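Student: What follows is a single structure, and I will ask about it in a moment.
The values are calculated or read from the model by the stated rules, or taken from the named source; none is laboratory data. Treat the numbers as computed from the prediction; the structure is a model and nothing was measured. Virtual Cβ from ideal backbone geometry, glycine too; neighbours counted across all protein chains shown. Only protein heavy atoms, including side chains, enter the accessible area calculation; ligands, DNA and RNA are left aside. Shrake-Rupley method; radii C 1.70, N 1.55, O 1.52, S 1.80 Å.
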Amino acid sequence: MTLTTPVATPAFVIDQRTLDADLAAVREIADQASCRLLYSPKACALSDVLGCVSRNVDGFACSSPYELELVERACGEAASLHLISPLIKAETLEVFGDRLASVIFNSLSQWRRLGEKASRGTRQGLRVNPQLSIVRDRRYDPCRRNSKLGVPVHDLAALARSDPGRLAGIDGLHFHTNCDETDFTGLLATARHIEDVIPHLLERMDWINLGGGYLFTEAHDLAGFFETVAIFRQRFGLDVFIEPGAALVRRSGTIEATVHDILAGDDLQIAVLDTTVNHMPEVFEFQFEPDILGHVAGGLHGYILAGCTCLAGDVFGEYAFDMPLEVGSRVTFLNVGAYTMSKAHRFNGVGLPSIYLRRRDGSLKLVAEDSFEEFAQLSGVAARAVA
Ligand SMILES: Cc1ncc(COP(=O)(O)O)c(C=O)c1O
């Protein structure tokens, strides 16, 4: 990765070579496990990313009609589209019809109301809540008490025991219970748990989708993943799908920012940047410190790096560098390819970063630029009449 990228800031830059390498690595892991690889575009749905991803995956796990439409427009009608969401509307099933390879209902009630609206060519699945929490932060735990996500596995077991015919038409199951994980112990424990609770139901299914939440390229030991896939493939003869998002795109994205002011804080200097947590909302949500190029633990020159909005908590954290920052210095956020541009917003009227692709030869392509007109249009403010 180059030290500084000659772009106007704030800018989001996708590095094609990193993207290629991570796509190839995850593809190889999926092939080795004999499972099908879908991409969750919620992580990053930029056109160049979708185009590249589509050459390496078996389809897309979309969350909404907008994502379905976007993927189809960016990747063409041959793209295999899968829909999973707590909210599926009859009109979406009608509009997409046969173009939906699968639809995964979040609840038995949604399935009962809408199952018959799905096209005959669309496979129907149910999201299962395994009721085995492996995420510590309750806000991100799909298995928390009173979770809205998926049919509790014990309810499914009871239903399958009492009246298996009531699940006729469902040929697959789905679960997604983790986030940014590099250790597959929790996945394997979940697989064994499901295997114990609903063995007879699994025997009647054709496929299972293990969701996303695992950073395959950053994992040191994939044995737990291979064993999980083997349980479902070998014991139950299921086709296994995974639908990662972050694992494919996280490392390929950087955000380039410029220091615009340096303030004296109580005990540290504060460098104010032209980016903000608006552009990386998970920094605020999760309260984590993103990686920054040139940061050295114990470096001579320490700063709080702060965003440019009025929110007091719009700060990225404490960083130190070997060289002092000054007004005009460039700051590069690393590993921000996932859940940044797809979650970014314009709070305080701060525009979104321009989007660039760093091609394989190192040259830059400007992909998209935000504008005041788009901001005004969303506020319902008409363009000025030209005199
Ligand atoms: C149902 C489902 N599948 C897949 C993903 C992708 O997860 P990740 O980007 O962590 O791999 C998510 C993320 O929230 C999800 O909710």
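Student: Identify all residues within region 274-283 that are closer than 18 Å to Gly349 by Cα and not acidic (Asp, Glu); write none if there are none.
Tutor: Result: Thr275, Thr276, Val277, Asn278, His279, Met280, Pro281.
Student: Give me the helices (runs of 4 or more DSSP H) completely within region 1-111, filtered to those with at least 3 residues that are more than 26 Å from Gly169 (Cα to Cα), at pLDDT 95 or above and outside the structural domain of Arg358 (by TED's automatic domain parsing), ordered by residue number.
Tutor: 16-33, 47-54, 65-75
Student: Out of all the residues in region 149-169, which are under 26 Å from the mean Cα position of the chain (by Cα) and either assigned to a loop (DSSP other than H, G, I, E, B) or within 13 Å of the ligand (Cβ to nearest atom) (or both)?
Tutor: Leu149, Gly150 - these are the residues of region 149-169 that are under 26 Å from the mean Cα position of the chain (by Cα) and either assigned to a loop (DSSP other than H, G, I, E, B) or within 13 Å of the ligand (Cβ to nearest atom) (or both).
Student: Give all pairs with beta carbons closer than 8 Å in which a residue from region 202-214 that is farther than 15 Å from Pro164 by Cβ meets a residue that is part of a strand (DSSP E or B) and away from the ligand (no atom under 15 Å from the Cβ); count only pairs at least 6 apart in sequence or on separate chains.
Tutor: Short answer, once both residue conditions are applied: Asp206/Arg123; Asp206/Asp239; Trp207/Arg123; Trp207/Asp239; Ile208/Asp239.
Student: A further question on this structure: Which members of region 91-118 meet the condition of being under 17 Å from Glu77 (Cβ atoms) and in contact with an Asp or Glu (Cβ under 8 Å, 6 or more places away or on another chain)?
Tutor: Passing the criteria: only Arg99.
Student: If a residue has to be in contact with an Asp or Glu (Cβ under 8 Å, 6 or more places away or on another chain) and within 16 Å of the ligand (Cβ to nearest atom) to count, how many in region 251-280 make the cut?
Tutor: 3
Student: Something else about it: Got a number for residues in region 254-286 being under 18 Å from the mean Cα position of the chain (by Cα) and within 10 Å of Phe316 (Cα to Cα)?
Tutor: Residues that pass the stated criteria total 4.
Student: Another question about this same structure. Restricting to strands (runs of 3 or more DSSP E) lying wholly in region 314-381: which have 3 or more residues that are more than 23 Å from Ala247 (Cα to Cα), open to solvent by 40 Å² or more (accessible area, probe 1.4 Å) and within 16 Å of the ligand (Cβ to nearest atom)?
Tutor: none
Student: Of everything in region 38-56, what is within 16 Å of the ligand (Cβ to nearest atom), surrounded by fewer than 23 Cβ atoms within 10 Å (Cβ to Cβ) and more than 23 Å from Ser354 (Cα to Cα)? Give them in sequence order.
Tutor: Asn56
Student: While we're here: Pick out the one residue from Gly213, Gly237 that is over 21 Å from the mean Cα position of the chain (by Cα) and of a type in the set (Gly, Ala, Ser).
Tutor: Gly237
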